[in-house]
1. Inspect all residues belonging to segment 37-52 and state whether any of them is at pLDDT 90 or above and either exposed (fewer than 12 other Cβ atoms within 10 Å of the Cβ) or touching a Cys at 6+ places or on another chain (Cβ under 8 Å) (or both).
2. Suppose we filter segment 41-81 for residues that are among the hydrophobic types (A, V, I, L, M, F, W, C) and part of a loop (DSSP other than H, G, I, E, B); how many remain?
3. Can you give me the ranges of the strands (runs of 3 or more DSSP E) entirely in segment 88-171 with at least 1 residues that are in contact with a Lys or Arg (Cβ under 7 Å, 6 or more places away or on another chain) and modelled with pLDDT of 85 or more?
Amino acid sequence: METRGIARRSPSGRRFALYLIICFAAALAALIYPIYIIQPFRAQGGRELRAALFVLRIRPWVEIAAAAFAIAALAQYWLRRPRNLHGMLAVLGALAVCGVAWLSHVNVYEIMFHPDMKPAFSASSASKLDGGEKVIAVKLGGAARAYPIRIISYHHIINDVLDGIPIAATY
């Protein structure tokens, strides 16, 4: 029986799409799971934290394997199929897997938490702190500073000079 005008996907095209989806899902899971679990100010259970740290340890290998497998599958697909819209979509899919693999090498915590190199201060009478706010207080010589925990929590380190002495306030 002949079919006219109906485009049919070959099994190799479906198989390639399945491989690509699996590679993308594995790469994305290895990227997102640790970021989701190890969020600042989020309670983490021991089991899920151990799992996230394990994923962080194996993530480079997962990402390399997913990218290599996606590229190898793309090469096989490209050799067997004509270069058409599906071929271009296959290239874009393999590039998406490689892009996720590359993103996994960016340390988002370094981006989120960076030292505050130029902190701004105001007199205690002009501050907008409420009475119960926690601060780290430092006094050197005749100078004193208070660093609110809610501000330090986004930087983790405040580099400052107090009474002519460079300090790093952290917790």
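The values are calculated or read from the model by the stated rules, or taken from the named source; none is laboratory data. This is a predicted model, so every value here is computed, not measured. Here the Cβ positions follow ideal geometry from the backbone for every residue, glycine too, while neighbour counts run over all protein chains shown.
1. Yes.
2. Going residue by residue through segment 41-81, those that are among the hydrophobic types (A, V, I, L, M, F, W, C) are 41, 43, 49, 51-56, 58, 61-62, 64-75, 78-79.
Keeping just the survivors that are part of a loop (DSSP other than H, G, I, E, B) gives 41, 43.
Here the count works out to 2.
3. Working: elements: 135-140, 143-148, 157-162, 165-170.
Output list reads 135-140, 157-162.
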